[in-house]
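S.K.: Pasting in a structure now, in structure tokens, and then I'll have a few things to ask.
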Amino acid sequence: MPKSKRDRAVSLTATKKKGLEFKQNLISEIRECLDTYDNFFIVSMFNQRNLFLKELRQEWTDSKFLFGKNKVIALALGRDPESEYKDNLNKITPYLIGNIGLLFTNKTKEDVLNYFESHECPDYARSGNIATEDVTIQAGPLAQFQHTMEPQLRKLGMHTSLKKGIVTLDSDFVLCKKGDKLTPEQARLLKLFEHMQAVFKINVKVYWNKSGDYEIIDSTLEAEDNENGDSQGYESEQEMEQSDDEDKPIKKKLKNRK
């Protein structure tokens, strides 16, 4: 048999990894922002979604959000008085715990706090999230779905069938109960049935300004422990996008409603 043109070795030696150069660029960018902007905030994100962050950036065009590994951020800020880039930055590095982000802005502390206290975006829960309410789908026709969706619904655990070409739920189906830890199947079904049980929200943890003044905004941080903060932050925004893979739109085929 002739050898397939597709059957050839591919060298991976040219693959570029995020190494020292990437980390150095992040450190330089953080320090440049510290020189440029008056105020600096460490923020944490609940139910992080990359789409919402993009929208946030569009609204805060005069500010800058940065993300990276917490150890690299700590290196940029300085872990002790001798290595800190600016006054008192070493005192806020212990609060680099979990999936956090950096906000650099010339807006006042009051403006930032007031904005994020009232800003939240509802979204669909992911697998592993805790259900916030009971959801039961009543038996009967599911006219919002095309007949081609019936096998997928059945695969997700619903007792469905086709009756005269209409997807029909044969019996009441308890999708989730409040307090349940959602499985991947439950999360997909909640999205298909358009039940939002998550809220994207940014919480301000720490504030610092060019004068070297700083303030711990979130008083609960004193009880946090590094052992409880296994997540070391996102290495880059590309890594954040990968974390959103399960949130990509499900191909939901709906009938046209007149």
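The values are calculated or read from the model by the stated rules, or taken from the named source; none is laboratory data. These figures come from a predicted structure and were not determined experimentally. Note that each Cβ is placed from the backbone with ideal geometry, even for glycine, and that neighbours are counted across all protein chains shown. Remember, those area values only see protein heavy atoms, side chains included, never the ligands or the DNA or RNA. Shrake-Rupley method; radii C 1.70, N 1.55, O 1.52, S 1.80 Å.
S.K.: Of S118, S63, which has the most accessible area and how do the rest follow, probe 1.4 Å?
M.R.: S118, S63
S.K.: Roughly how many percent of the accessible protein surface of the range 166-209 is carbon and sulfur, given a 1.4 Å probe and a whole-percent answer?
M.R.: Details: 990 of 1910 Å².
Taking all protein chains in place, the range 166-209 shows 52 percent carbon and sulfur surface.
S.K.: Moving on to the next point. Return the sequence-ordered ³J(HN,Hα) values of the range 79-87 in whole Hz as given by the Karplus equation 6.51 cos²θ - 1.76 cosθ + 1.60 applied to θ = phi - 60°, using x for Gly and Pro.
M.R.: For the range 79-87, the Karplus curve yields 8, 8, x, 6, 9, 5, 6, 9, 4 Hz.
S.K.: For the pairs K54/K177; K54/K86; K23/K86; K64/K201; K164/K191; K23/K107, note any where the Cα-Cα span goes beyond 23 Å.
M.R.: On the way: K54/K177 32 Å; K54/K86 29 Å; K23/K86 19 Å; K64/K201 17 Å; K164/K191 26 Å; K23/K107 28 Å.
Those over the limit are K54/K177; K54/K86; K164/K191; K23/K107.
S.K.: Could you state the number of Å between the C-alpha centres of the range 39-106 and the range 154-213?
M.R.: 29
S.K.: Here's a follow-up. Pop the C-beta distance of K155 and W60 into the FRET formula with R0 = 35 Å and round what comes out to the nearest 0.05.
M.R.: After rounding to 0.05, the efficiency reads 0.25.
S.K.: Something else: Quick one: ranking R188, R126, R31, R154 by accessible area, 1.4 Å probe, largest first, what do you get?
M.R.: Final ranking, largest accessible area leading: R154, R188, R31, R126.
S.K.: Solvent-accessible area per residue for the range 88-196 at a 1.4 Å probe radius, Å²? Don't jump to the answer; show the numbers that get you there.
M.R.: Numbers: 5590 Å² over 109 residues.
With the other protein chains kept in place, the range 88-196 gives 51 Å² per residue.
S.K.: Right, next: Rounded to the nearest 10 Å², what accessible area does D172 have for a 1.4 Å probe in the complete protein model?
M.R.: About 90 Å², rounded to the nearest 10.
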